[in-house]
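Worksheet for the structure shown next.
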Amino acid sequence: MHHNLIPLFSADTIATRVKALAQRIDRDYAQDPPVLVGILKGAFVFLADLVRCLDIPIAGIEFLSLSSYGSGTESSGQVTMHLGVSAAAVQGKPVIIVEDIIDTGLTTQMAIAYLQSLYPTSIALCALLDKPDRRQVPVTIDYLGMTIPDRFVVGYGIDFNQQYR
Ligand code: 5GP
């Protein structure tokens, strides 16, 4: 299967944005090491680059596996959890959720609700990309890479049917 792909951002642009996000997190969490919770699978490359840019100590790395997409390019509206986080890893600590793309907001909404049940001291949201056009629930993104139009994107860890990551 072959698709025509149009480059959206250069590797340099992404690296610069990731570095800027890491600097802001460094400043905001200098006194309070956060637990980073990456939303699998799409956030794994972004999360790896982000942690390499952080100077502050972190309290942990956790992964939450949620999927809202079936095999197409439209959000199914149903979010399924495949892998959770241990409560001990999160309880009493500030959490930063790390996501690839915020689209409808449903995945984020479920991640926040789930993590709240584990009693962190705070929850912030860091996302590489925001597609605000299709939002179904309001979401506040504390650390955002870039806003993009409602196009289906791939690469930098983000797939189409497991391809193009
Ligand atoms: P939401 O629940 O906000 O609608 O969707 C969030 C998730 O849907 C993202 O974490 C990502 O996995 C997936 N998603 C949203 N937009 C895109 C896109 O343009 N391309 C790909 N491959 N996945 C997307």
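The values are calculated or read from the model by the stated rules, or taken from the named source; none is laboratory data. Since the model is a prediction, treat every value here as computed from it, not as a measurement. Counting neighbours? That spans all protein chains shown, and the Cβs are built from the backbone with ideal geometry, glycine included. Surface areas here come from the heavy atoms of the whole protein model, side chains and all, with no ligands, DNA or RNA. Shrake-Rupley method; radii C 1.70, N 1.55, O 1.52, S 1.80 Å.
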Item checked: Contact order relative to length of region 2-69, as percent, for alpha carbon pairs under 8 angstrom and 6 or more apart -> 38 percent
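For a protection proxy built on the mean count of beta-carbon atoms within 10 angstrom, sort 125-135, 87-97 highest first, please.
Descending mean neighbour count gives 125-135, 87-97.
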Note to self: Would you report the distance distribution of C-alpha pairs in the chain as whole percents per 5 angstrom bin, up to the bin with the largest distance?
What the structure shows: 2, 9, 19, 23, 21, 15, 8, 3, 1, 0
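Calculate, for the chain, the solvent-accessible area per residue in square angstrom, rolling a 1.4 angstrom probe over the heavy atoms of the protein chains. Each step should come with its number before you reach the end.
Values: 8660 Å² over 165 residues.
Using a 1.4 Å probe on heavy atoms only, each residue of the chain averages 52 Å².
So what is the relative contact order for region 1-128, in percent, with contacts set as C-alpha pairs under 8 Å and at least six apart?
After rounding, I find 25 percent.
Hey, can you list the DSSP H helices of the chain whose Cα span along the axis is 27 Å or longer and whose average Kyte-Doolittle score is at least 1.6? List each step's numbers first, then the result.
Values: long enough: none.
For the chain, where a helix must reach 27 Å along its axis and average at least 1.6, there are no hits.
Of all the accessible heavy-atom surface of the chain, with the other protein chains kept in place and a 1.4 Å probe, what percent is carbon and sulfur?
Within the chain, the accessible surface is 52 percent carbon and sulfur.
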Notebook entry, point to check: Which cross-chain or sequence-distant (5 or more) residues have an amide H under 5 Å from the amide H of MET146, H modelled 1.01 Å from N in plane?
Noted result: LEU129, ASP130
Check: If you project the alpha carbons of region 1-49 onto the principal axes, what extent comes out on each, in Å, largest first?
Finding: 48, 23, 11
